[in-house]
1. Go through the stretch 346-377 and count every residue that is within 19 Å of Gly413 (Cα to Cα) and not acidic (Asp, Glu).
2. So which residues in the stretch 185-222 are crowded, with 21+ Cβ neighbours inside 10 Å, of a type outside the set (S, T, N, Q), under 16 Å from Leu138 (Cα atoms) and within 20 Å of the chain's Cα centre (by Cα)?
3. Being closer than 16 Å to Ala289 by Cα and not aliphatic (A, V, I, L, M): is that true of Arg165 here?
4. Closer than 21 Å to Ala203 by Cα, modelled with pLDDT of 75 or more and either in a helix (DSSP H, G or I) or under 25 Å from the mean Cα position of the chain (by Cα) (or both), is that true of Ala53?
5. Residue check, Ala80 against (1) buried (at least 24 other Cβ atoms within 10 Å of the Cβ); (2) more than 21 Å from Val294 (Cα to Cα), all met but one. Which one?
6. If you scan the stretch 110-125, which residues turn out to be not in a helix (DSSP H, G or I) and not hydrophobic (A, V, I, L, M, F, W, C)?
7. For Gly417, indicate whether it is modelled with pLDDT of 90 or more, closer than 19 Å to Ile270 by Cα, under 22 Å from the mean Cα position of the chain (by Cα) and crowded, with 23+ Cβ neighbours inside 10 Å.
Amino acid sequence: MADAQAKFLTGNLFRHVSVMSLTSSVGLMAIFLVDFVDMIFIAMLGKAELAAAVGYAATILFFTTSFGIGMSIAAGALVARALGSGDSQLAEERKTHSLIYGFVFGLIFAVVIWLNLAFLVSLLGAQAEIADLAVGYLQIIVPTLPFLMLGMMGGAILRAHGDARRAMMATIYGGAVNAVLDPILIFGLGLDLTGAALASVAARLVIAYAALVPIARHYGGVGRPRAAGMLRDIVPIATIAVPAILTQLATPVGQAIVTRAMADYGEAAIAGMAIVGRLSMVAFGIVFALSGAVGPILGQNYGAGNSERVRDGFLAAVYFNGMVVFVVSALLFLLRAPIADLFSATGITRELVFLFCGPLSLLFFFNGVLFIANAAFNNMGYPFYSTFLNWGRNTVGMVPLVLLGAGLLGAEGVLIGQALAGVIFGGLGWVFARRVMREAPGVLPATGSEFGRQGRLMALLHLRR
């Protein structure tokens, strides 16, 4: 049973990376695309304050979702390791305990955020009517965080078993529900932002249900928790989850810094930033999926003690990331005008969209490298490396670059400073990941020339394995 489930211990690694990333990204992009369409619908209402409110709310939602991502990383990593080591009983127990801890912690976190929404929105620079709109929108969505966490963790557990298709379908179902309800609630019933929020609530509940049902039907379900097991597993769960959550929370903190800096340039600049944020998630959904997709591949092989396949899997992911970013960036550049027209973007809003669809999109490669490095750190027992790099990028790296960019180039400089911080810390992620893999015997080749030769073969020949 364990051998059948630990499917990444053999086979073509580039194919594993491609399949896991593409299937994971389809699910992610189903959600991202709905958010993108939400923004189009809201822009069609012709009210700039609504688009600005969504921009502020998105930063808070990113903050809450990051908590779920951190817990899902822990669940996926622990289950994948147990499967890789051949201990299916341990995998079953950690699946159960992770889901329980995730729901409870998610509930606590949602309550804390909900009680402080007005304060958090004001910190981002929202004022008067826009602040009220953002708070009202968030008050509807935030209480569903525990269910979203169940869906995210359930998807991570499915991917740890190598079942990327069912994990993907859970988010596709949620995206489909959101896509159907959005126009009905926003336009048909005239609910505007409230309609968009209610559609998101329904989607989150569907994702949770669709992720847990396959676990119940095909992977033993959720067993009865035992006090001894819960106490035993809280340490390994926390060891990965705490730094992973801290790591993920760094991104919305960085986004909050960008949002606050952009607020100085008015509602049009905030709307442009919100469009760019939604667009980047849709365009680079495959890249965003890399960390969660590559994690089980690295985790299973690390658990099996196969350090060479850990290294090969890491390099396969980097090359896959480069191919995706190049192709997507070319398409964005060619379609930049139609994309801006979708939102009736003019002035600074249009300029920000054009900037992202030009040189900034190419720099997303470094974000992908950092995502892959994070997967390596989380699955090889060095989660605080992820925490250090992500917080460094989103604080000491981003703040001076964003302020410098704003001072020299205005609103466009804010986005440029943010992108340059990603370049610097993506490079550091590469260096740190090589160091981590070098500590395990046989993970890295002895010479740089061998590294380059094997890397090219991996990309061009799709690996010998």
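The values are calculated or read from the model by the stated rules, or taken from the named source; none is laboratory data. Everything numeric here is computed off the predicted structure, so don't read it as measured data. Neighbour counts are summed over all protein chains in view; Cβ atoms, including those assigned to glycine, are modelled from backbone coordinates with ideal geometry.
1. 20
2. Ala203, Arg204
3. yes
4. Considered against the rule, which asks whether it is closer than 21 Å to Ala203 by Cα, modelled with pLDDT of 75 or more and either in a helix (DSSP H, G or I) or under 25 Å from the mean Cα position of the chain (by Cα) (or both), Ala53 comes out as yes.
5. Just one mismatch for Ala80, condition (2).
6. Answer for the stretch 110-125, where residues must be not in a helix (DSSP H, G or I) and not hydrophobic (A, V, I, L, M, F, W, C): Asn116, Gly125.
7. Answer is yes for this residue.
Condition check ((1) within 30 Å of Asn306 (Cβ to Cβ); (2) aromatic (Phe, Trp, Tyr)) across all residues:
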| position | (1), (2) |
| --- | --- |
| Leu370 | yes, no |
| Ala373 | yes, no |
| Ala376 | yes, no |
| Gly381 | yes, no |
| Tyr385 | yes, yes |
| Thr395 | no, no |
| Met398 | no, no |
| Val402 | no, no |
| Leu408 | no, no |
